[in-house]
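For reference, the structure is listed below as structure tokens.
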Amino acid sequence: MNAIVLAILVMVSLSLARVSVVFALIVATLVGGLYSGMPINDILDAFNDGLGNGATVALAYAVLGAFAVALSRSGITEVMANRAIARFNIDDSGSSRRMVTYTLLAALLAAAVSSQNLIPVHIAFIPVLVPPLLKLMNHLQLDRRLVACVITFGITAPYMLLPVGFGAIFLNDILLTNLNESGAEFGLEVTRGMVPMAMVIPIGGMALGLVVAVLFSYRKGRHYQDRDLAKGDETAAQAAQHLKGWQKAVLAIALVGTVAVQLYTGSMVLGGIFGFALLSLSGVFRWHEQDGIFTEGMRMMALVGFIMITAAGFASVMQASGEVEALVSSSTDIIGDNKGLAALIMLLVGLFITMGIGSSFSTIPIIASLYVPLALNFGFSPLATVALVGTAAALGDAGSPASDSTLGPTAGLNADGQHDHIWDSVVPTFLHYNIPLIVFGWVAAMIL
């Protein structure tokens, strides 16, 4: 068995058994590295070298978590949730509940899509926007697994299909560039217009998965408890009672300013610090509470941050082992001359490679250099080659325990400790997106 396959199986098995994802990643790293023949010192060196790649995002999550808790502590989210509950008679009327539920899901989907192109903040909006909505979701009896599916679709599908914002980086700067570089000696020439065209069918599979999640899988209600995100001298409801008009204006400025600072500086950390500092100076919570609130917010996001840091180390060891090339090489021996089997094996191998790395952006250079010669050798057209490479890389974002596309929704939905990363984010997104991606990616490769 290939070391990467073994490592991924170990990681997934431990995670599904409710072992900490961080522990599962570390054990999988050691198992994969040792099985590939790497000395223990080389494994630790590669692991430590990779840790820094996830540190920036982890720190950003911690700071944004502090801002989210401060926002909740002000009481404004309590006011907005209670008004929505009372205005639409959510607790009493089934029709009102359905209307508000679908409106909320549409708003979250729009925010997620916008975060990839219109206002390219990526996952930074989740810890700020989602935790304040949890009480409203509770009264709607909205299954958070559905919310995770909606947000994950919104932050993955757009950049795989639309060449705007992060989509321009993924489709043009990374996918297109690596395809042409890897296929230059084989006569492959891919144009910008071909890339989104080739990804339409695979993304159609994701869209079908989203429809199934909304209308069938998680249509029934699920019960959650109302919990305060921060503990202080006052509850959020008490704080809301003496919230002044100018303080509400400062809250709005803090929200807009957090996004503006991030876009201007390119740093989620500075954006979160700006928002938290503004709330601290506004007096929406007592000055002596700010250290506790900041610590509470960082604690809320600590698990997500450590998973991202550990995943970066795991990916570094897997790349250093040289087992990626060996996995692709051994797969070609199984395929023979069967073109349909070749497409399926390439997608499944891509799934194993990207499940551990957890980022389609980081996976493209690895996948393209190995898959382009293989695809052209089997007679796949340029469009089919684009679909194979793009879909294989996309499998790492939707449904991986180490992907920011699943960690992001978890960071927001687990703010009150009632949303499990593996069973409530990873498993639902894997079932509704990874499986359709494989099926529709295979169809695209065969008909394009």
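Observations, loosely collected:
- GLN141 long-range amide H proximity, modeled H, under 5 Å: none
- Along the axis of the charge dipole computed for the chain (Cβ charges of +1 for Lys and Arg, -1 for Asp and Glu, origin at the Cα centre), the listed residues GLY221, ILE40, GLY322 are led at the positive end by GLY221.
- Interatomic Cα distance distribution for the stretch 359-436, bins of 10 angstrom, percent: 19, 38, 25, 13, 4, 0
- When peptides 308-321, 385-398 are ranked by their average number of other Cβ atoms within 10 Å per residue, the highest-first order is 385-398, 308-321.
- The chain - percent relative contact order, Cα under 8 Å, separation 6 or more: 27
- Packing order of peptides 376-382, 268-274, highest average first: 268-274, 376-382 (average count of other Cβ atoms within 10 Å over each peptide's residues).
- Of the residues LEU71, PRO373, THR410, the one whose Cα sits farthest towards the positive end of the charge dipole of the chain is LEU71 (charges of +1 on Lys and Arg Cβ, -1 on Asp and Glu Cβ, taken about the Cα centre).
- Charge dipole (debye, nearest 20) of the chain; +1 at Cβ of Lys and Arg, -1 at Cβ of Asp and Glu: 1540
- Label separation (HIS223 vs SER13): 3.7 nm, computed from points 7 Å beyond Cα along the C-beta direction.
- Each listed q (0.09, 0.11, 0.14 Å⁻¹) maps to a log10 I(q)/I(0) for the chain, found by the Debye formula over equal Cα scatterers with no solvent: -0.59, -0.86, -1.28.
- 0 to 90° range, to nearest 10: angle between helix 382-394 axis and the chain longest Cα axis: 50
- Figure legend: label point modelled 7 angstrom from the Cα of MET446 along Cα→Cβ; no residues of the stretch 371-393 have amide N under 14 Å from it.
- The chain: Lys pairs at Cα distance under 27 angstrom, eight or more positions apart or on different chains: 6
- Helical contribution to [θ] at 222 nm, DSSP H n ≥ 4, -39,500 (n - 2.57), averaged over the chain, rounded to 500: -23000 deg cm²/dmol
Coordinate-derived values only; no laboratory data. The shown structure was predicted, so the numbers you read here are calculated from the model rather than taken from an experiment. Cβ: placed from backbone, ideal geometry, glycine included. Neighbour counts: every protein chain shown.
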